[in-house]
1. For region 117-140, enumerate the residues that are closer than 22 Å to residue 107 by Cα and hydrophobic (A, V, I, L, M, F, W, C).
2. For residue 68, all conditions in the list (1) touching a helix residue (DSSP H, G or I) at 6+ places or on another chain (Cβ under 8 Å); (2) modelled with pLDDT of 95 or more; (3) under 16 Å from residue 30 (Cβ atoms) hold save one; what is the number of the exception?
3. Take region 1-43 and flag every residue that is in contact with a His (Cβ under 9 Å, 6 or more places away or on another chain) and either polar (S, T, N, Q) or on the phi > 0 side of the Ramachandran plot (or both).
Amino acid sequence: AIGKKIPEIKLKDINGQKQSLHDLDANLKLLVFWNSGCEHCHELLPVLKRIALSYDSIGFEIYAVGVEEGRESWEKDIKDFGLEELTNVTDFKGLTSPLIDEFNVWMTPLMYLIDENNNIIAKPRDEAQLYQLLIEFSHK
């Protein structure tokens, strides 16, 4: 719920290193759940890369959770979309991951905008709403 602390996530990245959502050093974080077989995700991923670069100066970081069972397509999308700058993680449990229930992931992509204290600010529906929220935040 908006205003609540987001639960911690610690998953391995593409290099096998554990990455913590809460420890991500950022004023503003975007938690995004996505899947390599998702057409809407493929539309959003290049936009997320541009947003990450555009709002880096305000301390914006993206923690991208792949809802994946296999490594190959996940790694291919990260490389093909140039997402190496993002924190890309997965547990390779796909829809059986405990995160699916914990974060109510009923579709992908699914986004949570989080402040520096790990509180949920918003759940943007799409990139337009995300842009609007970032513009508002960057003028505070």
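The values are calculated or read from the model by the stated rules, or taken from the named source; none is laboratory data. From a predicted model like this one, the values you see are computed outputs, not experimental measurements. Cβ coordinates were reconstructed from backbone atoms using ideal geometry, including for glycine residues, and neighbour counts include every protein chain displayed.
1. If the condition is that a residue be closer than 22 Å to residue 107 by Cα and hydrophobic (A, V, I, L, M, F, W, C), then 120, 121, 122, 128, 130, 133 are the ones that fit.
2. Going through (1) touching a helix residue (DSSP H, G or I) at 6+ places or on another chain (Cβ under 8 Å); (2) modelled with pLDDT of 95 or more; (3) under 16 Å from residue 30 (Cβ atoms) one by one, residue 68 breaks only (3).
3. Passing the criteria: only 36.
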